Amino acid sequence: MSQIISAIMPLFWMVIVFSIIFTCIRVFKSKIKGKVGEFAVKVQISKYLDSRYIDLHDLTFNDDQGTTQIDHVLISPFGIFVIETKNYTGWIFGSERQKTWTQKIYKQAYKFQNPLHQNYRHVKAIEKILEDVIEPEMIHSFVIFHQGCEFKTEIPKRVFIGRDWINYVKQFDQQILTETKLKRIQLKLEKEALVRSFQTDRQHVRNLKNQHSEVSQ
């Protein structure tokens, strides 16, 4: 009997390990996809933009509704760009004014918040933090969907696929911010941002759940 137990124990522990790995992948799948999308934008910034553009990514700030997480804030002499990234596949359906958009993969359909509305909240948070430094019109908002999705409705303004957003950013070519102001903006955003940690992410998720439950009541 002991020989049988000794023989199956390695298999038993292997099953346990694989079960833990599978569970972690399932739980953190959306987070992992999001990080991959953020990294892809960082690569594009380093490849297609010069050193005048400073990328601050994965920022969490307190706001009137709890906390808000911003994928990228791109600081430049030509303005501030607040970027929301979506690493989605399949077909995308949505317009500028719709509250929710739809992702369709084969016969499965999934609803998600209009990313333009989502990023509007991000912009408002940045405006409040920098209200004594710059004017609101110096802050620009747009959304990046990565290659692998296809819009089946007309792509709204300020929504881009792949690296098409680069041309949008480069059209702002008049210097409106001095180097001193840029440093001040960077320091202020870094100071106001919450520490990157599992606890910060968990609290943000709690805040989102509370907001959704209040809306549904």
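The values are calculated or read from the model by the stated rules, or taken from the named source; none is laboratory data. Just so you know, these numbers come straight off a predicted model, no measurement behind them. Backbone-built Cβ (ideal geometry, glycine too); neighbour counts: all protein chains shown. We work out accessible area using only protein heavy atoms, side chains counted, and drop any ligands, DNA or RNA first. Shrake-Rupley method; radii C 1.70, N 1.55, O 1.52, S 1.80 Å.
Which residues in the range 144-169 place their backbone N less than 13 Å from a point set 7 Å from the Cα of Gln108 along the Cα-to-Cβ direction? None, by backbone N distance to the label point.
Please identify every one of the chymotrypsin sites (Phe, Trp or Tyr not before Pro) in the range 83-149 that sits in a loop by DSSP and has no more than 15 other beta carbons within 10 Å of its own beta carbon.
Working: sites: Tyr88, Trp91, Phe93, Trp101, Tyr106, Tyr110, Phe112, Tyr120, Phe142, Phe145; in loops: Tyr88, Tyr106.
Passing sites in the range 83-149 are Tyr106.
Take the Cα of Leu49, go 7 Å toward its beta carbon, and the backbone nitrogen atoms of the range 124-152 under 15 Å from that spot belong to 138-145. By the rule of a C-alpha distance below 12 Å, with chain neighbours fewer than 8 residues away ignored, the aspartates and glutamates paired with Lys86 are Glu38, Asp71. The largest accessible area among Ser51, Ser46 belongs to the first residue in Ser51, Ser46, and the rest follow in falling order (1.4 Å probe, all chains).
Pairs with C-alpha atoms separated by more than 32 Å, drawn from the list Lys104/Lys128; Lys107/Lys157; Lys128/Lys157; Lys124/Lys183, are Lys104/Lys128.
Given a Förster radius of 22 Å and the C-beta distance between His117 and Lys170 as r, what FRET efficiency does 1/(1 + (r/R0)^6) yield to the nearest 0.05? All intermediate terms of the calculation are to be shown ahead of the outcome.
Details: r = 26 Å, r/R0 = 1.18.
It comes out at approximately 0.25.
Modelled label positions at Glu190 and Gln98, each set 7 Å beyond Cα in the direction of Cβ, lie 4.1 nm from each other.
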